[in-house]
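Step one of this worksheet: look at the structure below.
Just so it is clear, none of the values below were taken in a lab; they were calculated from the coordinates. Please read all numbers here as calculations on a predicted model, not as lab measurements. Every residue, glycine among them, receives a Cβ derived from its backbone with ideal geometry; neighbour counts consider all protein chains shown.
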Amino acid sequence: MQKKDENNTRREFLKKLPVLAIGAAALSGCNSEELDEFFQQNFKTLSKAEKAEIIKNLEKKYSEKYGKEFKVSAKPATEGILFGYALDLSRCIGCRKCVYACVKENNQSRDPQIHWIQVLQMEKNRGIDLAHADIHYNPEQVPEEGHFYMPVQCQQCRNPQCTTVCPTKATWQDEDGIVVVDYNWCIGCRYCMAACPYGARHFNWGEPNVPIEEINPDTHYLGNRPRTNGVVEKCTFCIQRVREGKYPACVEICPTGSRKFGNLLDPNSEIRYILENKRVLVFKEELNTQPKFYYFFGV
Amino acid sequence: MNFLRFMLGCFKIITRGGRIYYSCLFFLFILIVWGAMGYYQQLQVGLIMTNMRDSVSWGFYIGNFTFLVGVAAAAVMLVIPAYIYDWKPIKEIVIFGEILAICAVIMSICFIVVDIGNPLRFWHMLPFVGTMNFPDSILSWDFFVLFTYFLINIIVVTHLLYKQFSKKEYNKSFILPMVLLSIPAAIAIHTVTAFLYNALPARPYWNSALLAPRFLTTAFCSGPAVLILLFQVLRKTTKFEIKDEVIFTIAELMVYAMFIYLFFTISEFFKEFYSNTEHIVYWKYLLLGVAKNREIAVYSWASIIMGFSAFLLFLIPRTRKNLVTLNIGAVLIYFSVYLEKGITLIIPGFTPDVQGQYYFYVPSEIEIRTAVMIFSAGALLFTFISKIAIAILFEGFSIESLEKKSTIKLKNETAPL
């Protein structure tokens, strides 16, 4: 009887060995912070206290890594606000100042290069025709004869298919209409990129690279905080700015005033003035994505 | 204890074989190591080692995934005619079909794992521990049906083999419903995989209701092609018996599938080219290329030509009923479907991209090596499981044989005393 028991315990121990070995090997490779991060749940499902804890750790981590004070906001949407955007096709000259202001504000990787805004050069006599649009135009001076320009970024659809297809609920539309990504929850399957009809989603194919002196330390958890290899990112209307009452960086930088932004629920906002007094169109309206990003002709 | 001895016996079976067997194992092993070294680089540096970029965000990996789901589905769909026509070695057909299905499902899941940016976060898409987006995301559906299908097949195969091993009659009232359930499950995995692509209005190339039916017909060509070849090998090397007529009937069923596939494809071509909308650009890239970029056109024409030759070989009774030409046809149709699913289904969907821009994608060396790793590992797994199954089914590897051996051993050991 005794012998049998002994046998059992030894067998039990032998059974556990591989599990222990794997666990030990996994643990030796990372510290407790990395473990916490690994087991962190979907941001949307976390309690306020858990979020605060995560934010605190992130701020500490980023401050150490980049050598400057970092702010990571988790400010939620404000009730009564639904953000909308309008872009004046007749004023845009295709200077791409918005593209680079966006890169800088939102800590987009420089190499490999990520641009949340793409500017399409189109031929005036064809209208909006993607088959003849060029993204890589590079003349001495813009605008070029016979061409007009159409910047494309996330259209912040009311009916976004990118969030529907996500297998992990790592991306969703917040209450103020901004479609956001939890970079810690995204598994990098890129189904959202296949589903987006605007090419608004971008993937970190390699380790993102932002020069330390150019990093913007004023960040939002769901927006411009530093990203990691293998996750999807996108335009958030500069969530870190607009939730604090500022304009998105692209609106501020635009030298021609082609970019307009505001609260769609406020009848006195500029965006509502445009919807009321100018004729607007939405890109690829046939797909029923119902963008909150409008194109219009101001002059 | 019995289980331990069973495992030990299995280990002996897979490590013993002739010179050809060993050289095959060695060859596969070399390929796995060579591929794994490539995949390791991808793990270190990221998916930037592939040629995929934002424009073409899915490529060779997802193509292979789709193809293997088809193989997995079709291997079991062969059970339908086997059941209806009452082919004699039905149990063996079921077992080898399902072993193929198990390996194909594992390989297809591997292709998803190598494709995602954060493979360690795979658990995020599981229910309970993560936040599975069920029922909204078709990918979660796909995972669900693939897992169910895998489970059904593994239960059926292990039950049948283990009962045979322990010289007991298998439980028919348990197995028959499972086998019958595996048939709609097989159709489901390939349909849901087609639904992954076809309900994305952003990608007009896939946004066709014919996609799922086309998937099923191609699967019914490629899956049985593998099994036809496998059955002939088994017939030569083991006691497995299958009549020529059965193989010819499978070939006949494949002709129907090929014909329907051809018809679907022509319907799709006609609609796209005659209506000549802006969506024609994808088809032009598929068949003609853009400017000097004909990378994909080469593959699509190779696929069309191989598929059409196989169709002719299978259609003409004299070549269908000749094992040499039949086997050539089976190989041709297999590679035709492989190119169609692996290359020409996914890539033109992204070329040009949603902004009308062209990025010309061909798989990188790392992608090819990673694919070689998965295919070789899958082939190795299939070889091992089949070898055990062959031993149990035809070579008398059973509980009794083990007991006999151990008594002989005991006698030998006690003899010197």
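A quick yes/no check of all residues on (1) assigned to a helix (DSSP H, G or I); (2) under 23 Å from B:Ile90 (Cα atoms):
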| residue | (1), (2) |
| --- | --- |
| B:Lys163 | yes, yes |
| B:Met178 | yes, yes |
| B:Phe195 | yes, no |
| B:Tyr205 | no, no |
| B:Leu216 | yes, yes |
| B:Phe220 | yes, yes |
| B:Pro224 | yes, yes |
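Quick grid of which residues meet (1) within 14 Å of another protein chain (Cβ to nearest Cβ); (2) of a type in the set (A, V, I, L, M, F, W, C):
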| position | (1), (2) |
| --- | --- |
| B:Leu286 | no, yes |
| B:Leu312 | no, yes |
| B:Val324 | no, yes |
| B:Tyr338 | no, no |
| B:Val354 | yes, yes |
| B:Ser364 | yes, no |
| B:Val372 | no, yes |
| B:Leu380 | no, yes |
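The C-beta contact set for segment B:295-323 (first residue surrounded by 21 or more Cβ atoms within 10 Å (Cβ to Cβ), second residue among the aromatic types (Phe, Trp, Tyr), distance under 7 angstrom, 6+ apart or interchain) comprises B:Ile296/B:Tyr285; B:Met306/B:Phe335. Applying the set (1) within 14 Å of chain A (Cβ to nearest Cβ); (2) outside any loop (DSSP other than H, G, I, E, B) to B:Pro135 leaves exactly one unmet item: (2).
If you take the residues of segment B:339-368 that are among the aromatic types (Phe, Trp, Tyr) and part of a loop (DSSP other than H, G, I, E, B), which of them is farthest from A:Ile135 (Cα to Cα)? Step by step, filter segment B:339-368, then rank; the result is B:Tyr361. Of the residues making up segment B:107-151, those that are aliphatic (A, V, I, L, M) and surrounded by fewer than 18 Cβ atoms within 10 Å (Cβ to Cβ) are B:Val113, B:Leu120, B:Leu126, B:Val129, B:Leu151. Restricted to segment A:178-245, the set of strands (runs of 3 or more DSSP E) holding at least 1 residues that are within 13 Å of another protein chain (Cβ to nearest Cβ) and without any contact (Cβ under 8 Å) to a residue 60 or more places away in the chain comprises A:179-181, A:201-203.
Here the condition is being under 26 Å from B:Met107 (Cα atoms) and of a type in the set (Phe, Trp, Tyr); of B:Phe335, B:Phe311, B:Phe360, it holds for B:Phe335 alone.
If a residue has to be outside any helix (DSSP H, G or I) and surrounded by fewer than 16 Cβ atoms within 10 Å (Cβ to Cβ) to count, how many in segment A:266-277 make the cut? Adding up the residues that qualify gives 3. Residue count for segment A:126-168, restricted to those that are facing chain B (nearest Cβ under 9 Å), assigned to a loop (DSSP other than H, G, I, E, B) and touching a Lys or Arg at 6+ places or on another chain (Cβ under 7 Å): 0.
Results for (1) in contact with a helix residue (DSSP H, G or I) (Cβ under 7 Å, 6 or more places away or on another chain); (2) touching a residue at least 60 places away in the same chain (Cβ under 8 Å); (3) buried (at least 21 other Cβ atoms within 10 Å of the Cβ); (4) more than 30 Å from A:Pro160 (Cβ to Cβ), shown as yes or no for each residue.
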{"residue": "B:Val179", "(1), (2), (3), (4)": "yes, yes, yes, yes"}
{"residue": "B:Asn207", "(1), (2), (3), (4)": "yes, no, no, no"}
{"residue": "B:Pro213", "(1), (2), (3), (4)": "yes, no, no, no"}
{"residue": "B:Ile228", "(1), (2), (3), (4)": "yes, yes, yes, yes"}
{"residue": "B:Lys243", "(1), (2), (3), (4)": "no, yes, no, yes"}
{"residue": "B:Ile250", "(1), (2), (3), (4)": "yes, yes, yes, yes"}
{"residue": "B:Met258", "(1), (2), (3), (4)": "yes, yes, yes, yes"}
{"residue": "B:Leu262", "(1), (2), (3), (4)": "yes, no, no, yes"}
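Checking the conditions here, which among A:Pro217, A:Pro208 is closer than 19 Å to B:Ser57 by Cβ and surrounded by fewer than 23 Cβ atoms within 10 Å (Cβ to Cβ)? After applying the criteria, what remains is A:Pro208.
If the condition is being touching a strand residue (DSSP E or B) at 6+ places or on another chain (Cβ under 6 Å) and more than 30 Å from B:Trp206 (Cα to Cα), then segment B:354-404 contributes no residue at all.
In the set B:Ile346, B:Ile399, B:Ile296, B:Ile333, only one residue is of a type outside the set (Lys, Arg), within 14 Å of chain A (Cβ to nearest Cβ) and in contact with a Ser or Thr (Cβ under 8 Å, 6 or more places away or on another chain); that residue is B:Ile346.
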